[in-house]
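Here's the structure, in structure tokens; my notes come after.
FYI, it's all coordinate maths here, none of it is from the lab. Treat the numbers as computed from the prediction; the structure is a model and nothing was measured. Note that we place each Cβ from the backbone using ideal geometry, even for glycine, and neighbour counts take in every protein chain shown.
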Amino acid sequence: MTRPVTSRRALLLGALAAPAVARATEWRPRRSTEGEHRLPEPGRRPWAAQVPQIRVGLMGGENEADRLARFDGLRALLEERFEVPARLYPASDYAGVLQALAARQVEFSTLGSSAYAGAWLDTDGGILPLVTFEQVDGSVSYHSVIAVRADSPVRALEDLRGRSLAWADPNSTSGYLIPRFELRRAGIGVESGQFFGRTGFGGGHEQAMVAMMQGQYDAAVTWGSGIGDATEGFTRGNLRAMVDKGLLRPGSFRVVWQSRPIQNGPLTIRADLPAEFREDIAAFYLALPRERPEIFRQIARGEGLGFREVRHADYEIFVEMRREEAAARRRRS
């Protein structure tokens, strides 16, 4: 008799299609689109004695000058509202921000779901998720995609057999963890020389796409909202941002594979900081889309409704996947 599929593998795949936020009916998260959210009133807070400056970590995947420019409006607004210095700390890669959180060198940063899970494991639960981005359709998910040049003969995933693929970053959810997870579940070997002839790291989402477009790889893994025209980079994501910056021309690339929906990563804050500080930052972000839409669009890298509160339970699936990936590495070694 055939046993029903109730393995952790099935549970993991099911969780990708139905994020925990939707299942947690007993908890109603605050949303930018609901209620009269206002930016905190200007003024120095009592928590400033413990947080004399606000240090914001910026993930890699985009060149440093562009990251600093995109977030400068946010930095200035933080200073104006809380009357303490605000500083931006761009990291060269994802691991840099994770290390900065663990070393208490930054107060908070937006992380991908996999990076959050890695930081949570590294700090033994010493971080907390605050809010996540809400798409134009109200969803809190996005997709990993594999893209090729428009003039490539590759039209589908199977056409990449024996060809080269660039992952984005080993700590990236959409650029590494999820595509490897889903491809393995589909019976496709993800190591070099298995299905793909060669794999490597591009050094970030933007860099991986540039390497692919320059012919260093046949395909690259990156991310997009999955909403809108794929040839223009969707409504939001790395492809959209590169099109907007003139680094990609619409129609110069083709998406040949797309993952299931992935829970958007959270704005992540250190758990050792005062609860009043954490609440002020959550309120700040929830109000940002309405109060300062131009700053919101800059940090969101595209269009969206705003932010929604999240909890650690929404990311437990990614903690399990990180553990599984680590176990697979140990087996290979």
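Cβ-to-Cβ counts within 10 Å put Y89, Y315 in ascending order as Y89, Y315, the fewest first. From its DSSP helices (H runs of at least four residues, each -39,500 (n - 2.57)), the chain gives a residue-normalised ellipticity at 222 nm of -10500 deg cm²/dmol. Using 0.36 nm per residue and subtracting the Cα-Cα separation, the extra length available between R292 and A327 on full extension is 8.2 nm. With no solvent and one equal point scatterer per Cα, compute the Debye intensity ratio I(q)/I(0) for region 141-262 at 0.14 Å⁻¹ and report its log10, rounded to two decimals. Rounded to two decimals, the profile gives -0.49.
Structure remark: mean-square fluctuation, Gaussian network model of the chain, C-alpha springs under 10 Å; the largest value among S114, S252, S174 belongs to S252. Note: relative contact order over region 141-262, using C-alpha pairs below 8 Å and six or more positions apart, is 39 percent. Let me see the P(r) profile for the chain: every Cα-Cα distance counted, bins of 10 Å, each bin given as a percent of all pairs. Final binned percentages: 6, 26, 35, 23, 9, 2, 0.
If the segment from A275 to A230 were pulled out straight at 0.36 nm per residue, it would be longer than the present Cα-Cα gap by 12.1 nm.
Paramagnetic label reach from S92 (point 7 Å along Cα→Cβ; backbone nitrogen cut-off under 17 Å): within region 141-181, residues 169-171.
In terms of the mean number of neighbouring beta-carbon atoms within 10 Å, the peptides 216-227, 99-110, 299-310, 154-165 order highest first as 216-227, 299-310, 99-110, 154-165. Take every DSSP beta bridge whose two residues both sit in the chain; close to 65 percent of them are antiparallel.
Reported to the nearest whole Å, the Cα centre-to-centre distance from region 244-277 to region 302-333 is 13. Model label sites at A156 and K245, defined 7 Å from Cα along the beta-carbon direction, differ in position by 3.4 nm. In this label model, E41 and Q99 are separated by 4.3 nm, measuring between points 7 Å along each Cα→Cβ vector. The value of relative contact order for the chain, using C-alpha pairs under 8 Å at least six residues apart, is 27 percent. For D72, D272, the sequence from fewest to most other C-beta atoms within 10 Å is D272, D72. Taking all Cα pairs closer than 8 Å and separated by 6 or more residues, the relative contact order of region 185-325 comes to 14 percent. Taking other Cβ atoms within 10 Å as a rough exposure proxy, I127, I188 sort from fewest to most as I188, I127.
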